[in-house]
Structures are given as structure tokens and as C-alpha cells.
Amino acid sequence: MDRSTFMEFDRANFLGKGKLFAYRRVYEAFRDAVRAGQLAAGQKVPSSRELAARWSVARITVTQAYEQLVAEGYLETRRGAGTFVAGELPDGFFRAESVGGIGSDGAEVCRVEGQRYLEQPAFLSGCADLEAFPMELWLKLYAKQLRGSAYSLNNYGHGEGGYLGLREAIAGHLRTQRGVCCEAGQILILSGSQPGIELVARALVKSGDRVAVENPSYRGIVDSFRLNGAEVCGVSVDGQGLVVDELRGMRKAPRVVVATPVRQFPLGVAMPVGRQVELLEWARETGAWILEDDYDSEFRFRGKPLPAMQGLASSERILYLGTFTRSLFPDLRIGYLVVPKAVYPDFLTLWKTGAMNPPVAMQATLAEFMRECHYQRHVRKMRKLYAKRCKWLAERVEAELGKWIEVGLTDGGMHFVGYFRKAVDVEWLAAEGRKRGCVFMPISSYAVPGAGGVERDGLMFGFSSFGEEKMLEGVRVLKEVLEGMG
């Protein structure tokens, strides 16, 4: 495709995006062209200045779209040469239609001042600041459900996967905000994300089956599959997420692979689209299932949240797990699992026997909270707050602890990792911290048993739960402990 044809083709795509914001129209025109194979791997794309002039949009619009495409792995930049279509994308892989763009209505979230937690980890990760949550509004909506729906109170729960209104709200949110291909009839409402892991283990794994998880990884994943008789093996994580080549090298292919492609837990790295394609191709070749745990993707600080891997292609081998406990508050205990249509009946049967349905009145409250766009506004506002807190804490760690700790990625989520510059006895460090009333969370504590340790240890620095005063206290205690190492 020569340059002029390329420009005119994609301009037609751009104009065909209708009423989407200009940034989104530019982004989707290029993304869809890459997926359709109309832009070849390694092909150079126009400069932001050139494209802006050609399409009559602001240059910042093109720049933002390019940055998002680079972040997702569709484009790559080469110093001194320009911007190119990523070289990792295999021809003809993307066949599925896009499931709609990220909604333009979005949301802005509430503000958080320091919340007082007692006897918590010094840098607690994964918990929201309740002082930022619109509790009065939530209680008003909850009271409305209690007064107006006696059926919800005199019922053991909706038997077809959860409250339909909530499943519909979640399906709409996932299609527009996360790029997930799903309908309400594919969603199971759960009391958090851990029951979803347990449900997948019960439905797909027999005794002796192999399950691959990222190393390091959330220990609840390992425990659930092992308790259901699986042989759990750890797969290394590099700067681009789970290393797919290690899966290919296994003599016995795993039955299930659990991955956190948008933001790896706990290291925080994102899996670029090329690596995601590798994983999807491997699963298709081996018949393996992929459980995609999308635990805190709402909180990306630069650009739009990265879309879910589930929406990349028409794969029926991906189960998508999400939760509201991080974006709202842990005691809500509402999560969900998106299940491929072919196996949904089997999952639904197990869901019913496992009594996994949260209180219906609470589900109905959340459904209305989402329908009225309170959820989107809250998430947006919290994203801004967490970005501010993350920057503040990273600066304090670099200033006070830079002698011992190197700050890792700080582009999103509810924590970042500070890596030790030299080997540290983390057991001694943890014990000394407890003497001072602080609990420090080393990365090595998330290593998969039997899979070897982590390549480089460090500590998790959560910033979502506390204000600056509490976080500064944790930094000072940690500095005292590190100084005591000699």
C-alpha cells in the first residue's frame, strides 16, 4: 500500500467512526487497520504533524492516539526513525470485529484523604480509601432497593447467574470500557474474585491436570487450584509479562493458564498485544484455557486504560475475571466471571450448587449505581487521586530510600514495586518492621512454591488506602530498618 493510498484509506476509516471523540476515532482507525491486516508489520506511519494536517485534527489528538497504540503494542517508536506498525503481529491473526470503543462519557471519581487503618501493612495495596467513596449516595440507593423490592429480601437469589440488571450493567460496561466481547447471559455474579478462581478450578481441572500461573503471582490462585488436585507450575515474568516460550517448552501442556495481561500482579508490567497474540495462539494450538484476571485495570494514569485481552480475537478459550472490591470497597464482595457460551451451562450448574450469589439487594444497588454513571465518575476521580498519591510516594521513596531501593513502574494500579539494589534478608526486615508496628510485603512472598524464587526481590508500596501522613510514617520506619542492616 503506497503512502497516499494508506493516508486516504485510513482517513475513510477515521471519518467512518461517527461521533466518537477525535482521539478515539484516530486510535480506532489505526487499531482496526492493524487488526484487519491492512497495515503491515514494520510499516511506517505518518508523523503526528503530517497526519493532523491531512485529517484536519489537532496534533495533540494524533499524539495521544499514537501513545495509546504504542502502549497497547500496535505501534512502536524507533529513535530517529519515526513510528511503525509493531513487528510482532502475525498476519491474519485479528479476525474479530471490534466490540465498540471506550465510552466517551467515562467517569470521574471521588477524592480521598488519609484513611486511618490500624495494624495494616505499612503500604497496604488493593484497598480503596473509603473516605473518598460517596457513601451517602450509596446508602440512599441501597435504601431504595430495600423499600421498593420486597422480593429481593424474601428470595434466595436469582438462579440464572445473578441479578439480571447487574449482569446487563456489567456487560455494557465491559463492552464499552474494557473491549470485552460478552453478553449478560455469559456473566456469573460472584462474591468477589476468589470464588471465580475456585469456580474455574472446579469446572475445568481434574486431579493431576497441570495449571500454569505467573511467577510471582497472587497466592489465592495457587491455593485454589492445588486444593482441587491440580499440579501448579510457575511461569517466569519478564518486562512484557508472562513468558509464552516457557509454556511451549513444557512436555505436558497446562490445562489452564492464569494471566494478568493488563497489569501483572504484583510486578505491574503490561503484556503488549504481540505477546498476547502469542499466548492466544498457543492456547488455540494446545486446547488450553486462559483465565484472564483483570483486577485493577481501571487505574491507569497515562492514556486510556488498556483493553482486555479477551476482546482481541474470537477465542472461546478465555474466561474473564473482574471485581468491584478494588474500585469501590472490599466489603462489597461482588465480582464476576465472563464465561464462553459453550461451557456456560456447566459453569452455571456449579455456580448454583456453590451458593456463590451475593445479596440481591446489594447487586441491585450496584446495578443502579452503574446505570446512573456514578461508578464511572467515581473511578475517574479515584484515578486522578491515585496518580497524585503514587507520584508523591514514589518521590518520597526515591528521596529517603534511594540508597537501598529503586522505584519500578508507576504508571497505574494501586501499588508500585520498589526493588532492592542489593540482596536483603526480607525475613529479618519483616520481623524488624513488625517490632515497629509495620508490615512490609516483599515480592518474594508471592513466588509460586516449587517454582524458584523471584529474579529480583523488592517491596510493594501501596498508595490507595492511606493519606500522605500515614505513608510518610511507613517510609520513615522502613528507613530505620534499612539503616539498621548496617
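The values are calculated or read from the model by the stated rules, or taken from the named source; none is laboratory data. Note that the coordinates shown come from a computational prediction; the quantities given were computed from them, not determined experimentally. Cβ atoms come from the backbone with ideal geometry, glycine included; neighbour counts cover every protein chain shown.
Annotations
- Residue in the stretch 197-204 that is in the same structural domain as Val269 (by TED's automatic domain parsing) and not in a helix (DSSP H, G or I) present: no
- Top-ranked residue of the stretch 363-391 - restricted to ones that are within 16 Å of Lys144 (Cα to Cα) and polar (S, T, N, Q), ranked as surrounded by the fewest Cβ atoms within 10 Å (Cβ to Cβ): Gln363
- Residue ID - nearest to Asn228 (Cα to Cα), chosen from residues in the stretch 284-294 that are crowded, with 22+ Cβ neighbours inside 10 Å and without any contact (Cβ under 8 Å) to a residue 60 or more places away in the chain: Ile290
- Of all residues in the stretch 234-241, one or more are on the phi > 0 side of the Ramachandran plot and not assigned by TED's automatic domain parsing to the domain that holds Asp457.
- Test: residue in the stretch 258-269 that is over 18 Å from Tyr446 (Cα atoms), buried (at least 24 other Cβ atoms within 10 Å of the Cβ) and not polar (S, T, N, Q): yes
- Considering residues of the stretch 412-439 that are assigned to a loop (DSSP other than H, G, I, E, B) and at pLDDT 90 or above only, the residue surrounded by the most Cβ atoms within 10 Å (Cβ to Cβ): Gly413
- The C-beta contact set for the stretch 352-378 (first residue closer than 18 Å to Gly196 by Cβ, second residue in a helix (DSSP H, G or I), distance under 6 angstrom, 6+ apart or interchain) comprises Met356/Pro195; Gln363/Leu166; Leu366/Leu166.
- Scan of the stretch 244-257 for residues that are assigned to a loop (DSSP other than H, G, I, E, B), touching a helix residue (DSSP H, G or I) at 6+ places or on another chain (Cβ under 9 Å) and surrounded by fewer than 20 Cβ atoms within 10 Å (Cβ to Cβ), ordered by number: Ala253
- Hits in the stretch 281-303 (condition: assigned to a helix (DSSP H, G or I) and hydroxyl-bearing (Ser, Thr, Tyr)): Thr286
- Scanning the stretch 243-272 for residues that are hydrophobic (A, V, I, L, M, F, W, C) and either within 14 Å of the chain's Cα centre (by Cα) or closer than 23 Å to Arg456 by Cβ (or both) turns up Val243, Val244, Leu247, Val258, Ala259, Val262, Phe265, Leu267, Val269, Ala270, Met271.
- Qualifying positions in the stretch 206-224 - at pLDDT 95 or above and either among the β-branched types (Val, Ile, Thr) or in a helix (DSSP H, G or I) (or both): Val211, Val213
- Candidate set: the stretch 301-310, residues that are farther than 11 Å from Ala71 by Cα and not polar (S, T, N, Q); chosen: the one surrounded by the fewest Cβ atoms within 10 Å (Cβ to Cβ): Phe301
- Residue ID - nearest to the chain's Cα centre (by Cα), chosen from residues in the stretch 458-486 that are surrounded by fewer than 19 Cβ atoms within 10 Å (Cβ to Cβ) and in a loop (DSSP other than H, G, I, E, B): Gly467
- The stretch 110-155, residues that are modelled with pLDDT under 60 and under 22 Å from Phe461 (Cα atoms): Cys110, Arg111, Val112, Glu113, Gly114, Gln115, Arg116, Tyr117, Leu118, Glu119, Gln120
- Only residues that are of a type in the set (S, T, N, Q) and touching a helix residue (DSSP H, G or I) at 6+ places or on another chain (Cβ under 7 Å) were counted in the stretch 443-485, giving 2.
- Close pairs from the stretch 442-455: first in a helix (DSSP H, G or I), partner small (Gly, Ala, Ser), Cβ under 8 Å, at least 6 apart: Ile443/Gly458; Ser444/Gly453; Tyr446/Ser217
- The set of residues from the stretch 191-216 being small (Gly, Ala, Ser) and under 18 Å from Thr325 (Cβ atoms) comprises Ser191, Gly192, Ser193, Gly196.
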